[in-house]
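Student: Handing you a structure now.
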Amino acid sequence: MAAVAFRLGQRVHAAGDPARVGTVRYLGPVEGHSGDWVGVDWDAGAGGRHDGSLAGRRYFLAAGERSASFARPTALSAGITLPDALRTRYRVDDFTKEEQDEMYVFSTSQKRVSVELVGKNKVQEKLKNLNDLTGASVSYMGVSSIGPQDELKNLVPNLIQLDLTGNLLSPWQDIFSLCEALSSLEVLDLTNNTMENDFTKSSSVKNIRVLVLNYCGVTWELVEKIKFPFLCLSELHLMTNKIKIIMTPVGDIVQGFHTLRLLNLEDNHIDSWDEIVKLSYLRSLEQLHLNKNMLKHVAYPSNLPSPGSLGDAAVVPFEKLRVLLLGSNQIDDFLSVDSLNLFPSLTDVRLSDNPIADPAKGGVPRFVLIARLGKVKILNGSEVSPRERREAEIRYVRLVMGKVESYDPEEVKRLHPRFAELKACHGIEDEKPVSRTSGHQKLSSGLISITLKCVGPSMGEKQPLTKKLPPATTVGKLKSLCESFFKLKDIKLRLYLEEEGCPLPQFLEEDTSSLMELGIGTGSTIIVDEES
């Protein structure tokens, strides 16, 4: 095969290794070496030897310092057609156990779910023509074209889900032809295909409900274009595409996508909430995945478009949004947390791995977030039970009453918007807190009942104890009491609060903090451990 058999910009893979994928960047001779050569810029992780230059001469500029190499044409493959890949993947003569184990389809949340696509006892009959195949994966098989439309249509006429991850597809025209040939297709995964960021002509694609474009190098400009052919999308996955700006063709609001219920923008480069506000009026949007971006603040949109600008007399931002995933961002302020209460339908929130939700980084524990988020039913993937909410809210009120220096109602309302509401809801007496040194405090006069559990390896077997203590008891004092209760000598103690819904107990670090200040009330469990 001569180098001219390839073209610049073509996607190829190493012969015999369809998972090693790259892009042709040079065709021709290489100084000091005979014959024809192909310069390839390999995808991340595929390996290379240089940056497109060799022996002091630059042939092309690669994406990385060592992502490029030169290869003989015979060492590369231009790929195979989709029908050939399906026949190879699902032929019955020589299934290996590994091939059988790798058969899966994608759930609507894009998790791989292992399934038996074809039963062993039905193999011969079913795979004679693949007519009954409804879900297929041909990931990393070097698919570079869909082949003749009629051939594909006749081969898998009932295909509903198709995983094309890690192949050599690039032109959108191939995708439109694929969707036209497979009228039953609803879920299409193009992860790790370097798709073109433009197309000239497109036909209407009404059958695709879920489109996955993770790791495809797409821009928002392309997203604005694909909404016209893909008229009926309910899910659009755009993970890890380095999207930073949501560029709209007209105004500052993304329009269209009337059927879109889930938009996944995880692991991109979005660092401004102003970009997310542009999505406010996707009227069917129920789930917005924004984990692993660089967002620092969240705010409910306050500047509504002028009446009728979106075709309605009145528009409500994020009206149907139920799920907002904000994990692994840089959110560190309570204003962002409190603003989530303004989203009219929001009940499922993820804030884990943000500074505000990490006590080790100055953030707050789970119970504070639950108390401040009045409508949330799922926090960080864990259900908030009615009992957990009640206990969290009571504990939060105690925490605020024990720590506020000024009892000016307006100041308290500014810092703790739900404080007065929660006090009234749970019947907690409204009185001005005083300092520990200024005398008797009525709030602290009632004893609280807590359970103490020893878990330290050198403590021996100790039965849990339930004790009634003054709310003003400090963590340091409680450590001394535990030494007495459990007859512990020469052991340096560490105390933890066990909380419902939290996978790990909360370390009680400050010896001077009182149980009341920490929001610890009756029914709480303290874990007694020892320093390692």
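The values are calculated or read from the model by the stated rules, or taken from the named source; none is laboratory data. Model, not experiment: these values are computed from the prediction. Glycine gets a Cβ as well: all are built from the backbone with ideal geometry, and neighbour counts include every protein chain shown. The protein model used for the area step is the full one, side chains on, heavy atoms only, and it has no ligands, DNA or RNA in it. Shrake-Rupley method; radii C 1.70, N 1.55, O 1.52, S 1.80 Å.
Student: Consider G48 against the criteria (1) outside any loop (DSSP other than H, G, I, E, B); (2) open to solvent by less than 40 Å² (accessible area, probe 1.4 Å); (3) of a type in the set (G, A, S); (4) outside the structural domain of L159 (by the TED database): it satisfies all of them except one. Which criterion is unmet?
Tutor: All conditions are met except number (1).
Student: Collect the residues in region 215-239 that are in a loop (DSSP other than H, G, I, E, B), buried (at least 20 other Cβ atoms within 10 Å of the Cβ) and in contact with a strand residue (DSSP E or B) (Cβ under 9 Å, 6 or more places away or on another chain), keeping them in residue-number order.
Tutor: Passing the criteria: L233, L238, M239.
Student: Can you pull out the residues in region 379-390 that are open to solvent by 60 Å² or more (accessible area, probe 1.4 Å) and either outside any helix (DSSP H, G or I) or in contact with a strand residue (DSSP E or B) (Cβ under 8 Å, 6 or more places away or on another chain) (or both)?
Tutor: Across region 379-390, the qualifying residue is only E383.
Student: Taking region 392-420 on its own, how many of its residues are part of a helix (DSSP H, G or I), over 29 Å from the mean Cα position of the chain (by Cα) and under 14 Å from M516 (Cα atoms)?
Tutor: 9
Student: Does V368 fit the bill of being assigned to a strand (DSSP E or B) and under 22 Å from L295 (Cβ atoms)?
Tutor: The answer is no for V368.
Student: So which residues in region 448-463 are out of contact with any Asp or Glu (no Cβ under 6 Å at 6 or more places or on another chain) and in a loop (DSSP other than H, G, I, E, B), if there are any at all?
Tutor: P457, S458, M459, G460, E461, K462, Q463, listed by residue number.
Student: Now, a different point. Is there a residue in region 128-141 that is under 30 Å from V30 (Cβ atoms), assigned by the TED database to the domain that holds H237, at pLDDT 95 or above and not in a loop (DSSP other than H, G, I, E, B)?
Tutor: Within region 128-141 (the criterion being under 30 Å from V30 (Cβ atoms), assigned by the TED database to the domain that holds H237, at pLDDT 95 or above and not in a loop (DSSP other than H, G, I, E, B)), the answer is no, since none of the residues qualifies.
Student: Restricting attention to region 240-250, does a residue exist that is among the basic types (K, R), outside any helix (DSSP H, G or I), at pLDDT 95 or above and farther than 16 Å from T191 by Cβ?
Tutor: The answer is yes; a qualifying residue exists.
Student: OK, next. Might you check whether a residue that is touching a Cys at 6+ places or on another chain (Cβ under 8 Å), at pLDDT 85 or above and basic (K, R) occurs anywhere in region 461-469?
Tutor: yes
Student: Is at least one residue of region 311-328 at pLDDT below 95, of a type in the set (D, E, K, R) and not in a helix (DSSP H, G or I)?
Tutor: Looking for residues that are at pLDDT below 95, of a type in the set (D, E, K, R) and not in a helix (DSSP H, G or I), one finds at least one in region 311-328, hence yes.
Student: Quick check on region 347-365: of everything there that is part of a loop (DSSP other than H, G, I, E, B) and small (G, A, S), which residue is surrounded by the most Cβ atoms within 10 Å (Cβ to Cβ)?
Tutor: Going through the qualifying residues, I end up with S352.
Student: Just the residues that are modelled with pLDDT of 95 or more and either over 21 Å from L168 (Cβ atoms) or open to solvent by 10 Å² or more (accessible area, probe 1.4 Å) (or both), please, taken from region 31-40.
Tutor: Selection gives W37 alone.
Student: When P344 is evaluated against the numbered criteria (1) more than 23 Å from the chain's Cα centre (by Cα); (2) not in a helix (DSSP H, G or I), which criterion, by number, is the only one it fails?
Tutor: P344 satisfies every listed condition except (1).
Student: Still on this structure, please answer the following. Are there any pairs, at least 6 apart or on different chains, whose C-beta atoms fall under 7 Å, with the first in region 473-496 and more than 20 Å from T512 (Cβ to Cβ) and the second of a type in the set (D, E), and if so, which?
Tutor: I491/E530
Student: Can I ask one more? Only one of L168, L188, L152, L178 is touching a Pro at 6+ places or on another chain (Cβ under 9 Å) and not in a loop (DSSP other than H, G, I, E, B); which?
Tutor: On inspection, the qualifying residue turns out to be L152.
Student: Which of the following residues is out of contact with any Lys or Arg (no Cβ under 9 Å at 6 or more places or on another chain), within 24 Å of T165 (Cβ to Cβ) and without any contact (Cβ under 8 Å) to a residue 60 or more places away in the chain: V212, V223?
Tutor: V223
Student: Please state which one of K413, K375 is out of contact with any strand residue (DSSP E or B) (no Cβ under 7 Å at 6 or more places or on another chain), open to solvent by 30 Å² or more (accessible area, probe 1.4 Å) and over 23 Å from H289 (Cα atoms).
Tutor: None of the other options fit; the residue is K413.
Student: Let me ask another. Quick one: count up the residues across region 464-517 that are surrounded by 14 or more Cβ atoms within 10 Å (Cβ to Cβ) and at positive phi.
Tutor: Final tally of qualifying residues: 1.
Student: In region 155-165, what residues are without any contact (Cβ under 8 Å) to a residue 60 or more places away in the chain and not in a loop (DSSP other than H, G, I, E, B)?
Tutor: Scanning region 155-165 gives Q161, L162, D163.
Student: For the structure I just gave you, tell me whether N303 is among the polar types (S, T, N, Q), over 30 Å from E509 (Cα atoms) and without any contact (Cβ under 8 Å) to a residue 24 or more places away in the chain.
Tutor: Yes, satisfied.
Student: For L369, are the conditions met, namely being buried (at least 16 other Cβ atoms within 10 Å of the Cβ) and touching a strand residue (DSSP E or B) at 6+ places or on another chain (Cβ under 7 Å)?
Tutor: So L369 fits the description; yes.
Student: Now for a different question. Taking F199 as the residue in question, decide whether it is open to solvent by less than 50 Å² (accessible area, probe 1.4 Å), more than 22 Å from the chain's Cα centre (by Cα) and touching a residue at least 40 places away in the same chain (Cβ under 8 Å).
Tutor: no
Student: When the residues of region 67-83 are narrowed to those that are part of a strand (DSSP E or B) and among the aliphatic types (A, V, I, L, M), which ends up most open to solvent (accessible area, probe 1.4 Å)?
Tutor: Among those that are part of a strand (DSSP E or B) and among the aliphatic types (A, V, I, L, M), it is I80.
Student: Only residues that are within 20 Å of D271 (Cβ to Cβ) and modelled with pLDDT under 95: list them for region 354-382, please.
Tutor: A357, D358, K361, G363
Student: Scan region 439-457 and tell me whether some residue there is loosely packed, with under 11 Cβ neighbours inside 10 Å and modelled with pLDDT of 85 or more.
Tutor: Yes, region 439-457 has at least one match.
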